[in-house]
1. Look at region 20-49 and say how many of its residues are of a type outside the set (Ser, Thr, Tyr) and in contact (Cβ under 8 Å) with a residue 40 or more places away in the chain.
2. Among the listed residues 129, 122, 148, identify the single one that is assigned by TED's automatic domain parsing to the domain that holds residue 26, within 24 Å of residue 95 (Cα to Cα) and surrounded by fewer than 18 Cβ atoms within 10 Å (Cβ to Cβ).
3. Of the residues 57, 136, 142, 88, which single one is more than 27 Å from residue 180 (Cα to Cα) and surrounded by 18 or more Cβ atoms within 10 Å (Cβ to Cβ)?
4. Of all residues in region 91-116, count the ones that are surrounded by 18 or more Cβ atoms within 10 Å (Cβ to Cβ) and over 13 Å from the mean Cα position of the chain (by Cα).
5. What pairs come out if I take residues in region 54-65 that are among the aliphatic types (A, V, I, L, M) and pair them with residues that are assigned to a helix (DSSP H, G or I) and loosely packed, with under 15 Cβ neighbours inside 10 Å whose C-beta lies under 8 Å away, six or more apart or interchain?
6. Let me confirm something: among 32, 24, which residue is surrounded by 10 or more Cβ atoms within 10 Å (Cβ to Cβ), aromatic (Phe, Trp, Tyr) and modelled with pLDDT of 85 or more?
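The values are calculated or read from the model by the stated rules, or taken from the named source; none is laboratory data. Here the structure is a predicted model, which is why all the values come from computation and not from measurement. A quick note on method: Cβ atoms are made from the backbone with ideal geometry, for glycine too, and the neighbour counts reach across all protein chains shown.
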Amino acid sequence: MTLWYVVGALVLLVAVLVVVRVLFAAEIRACFERDPAARNLVEVLLTYSGLHALIVHRLAHGLDRLRVPVLPRLLMTAARWLTGVEIHPSAVIGRGLFIDHGMGVVIGETAVIGDNVTLFQGVTLGGTGKERGKRHPTIGNHVVIGTGAKVLGNITVGSHSMIGANAVVVRDVPEHSTVVGVPGRIARTKDRDFLGINLDHTHLPDPLAERLETLQHEIDALERHLKEHRKSQS
């Protein structure tokens, strides 16, 4: 009898994995495309906490849209305990979201996330106060948000943009932009799509540092001219 229980449990597990493989094909594909540590399908299905959080959210979001009370929040609370990812069941999430590592990621109630977005650990899509209605950000398609970045308020991050690690974004970001710093500054804007998804969210230009460097060069040049002038006068 015990053997039959074991066989039944294995069959059930395989059936669940097959269903998840079909329903979450875009998210699983994103794991392989954006994480070099992803080696095989079974490993991804059983060990990727970001994927687990998305699976539970898909169920909780469906229940939330049906106006089922309490249960959606309970499901996402359990998912937070298990994965370290906190997603409100009312958040709208597109296909192909990849949450790398996941620990400390927070996605607020009215957040909207497009397709093929990448969130690294510690990312917050949060609000800025107690206002009602739309109070969390809207993230476009193919956006990469780096480790520890905070995107706050009812703002829009345009498609194909990149938010640098630990940036704090409180204003709208145009499409094809790169944002760094606290508060977030637009360091670069592209006129074309990225080729694929650029996951390098640390080696980004800093416009403030570049301006300070330019100013320092000008000061050095003025000091040299002043010294030369003094020598010529003496």
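1. Qualifying residue count for the region: 8.
2. Values: 129 fails: within 24 Å of residue 95 (Cα to Cα); 122 fails: surrounded by fewer than 18 Cβ atoms within 10 Å (Cβ to Cβ).
Going through 129, 122, 148 in turn, the sole match is 148.
3. 57
4. So the count comes out to 2.
5. 56/78; 60/71; 63/71
6. Residue meeting the stated conditions: 32.
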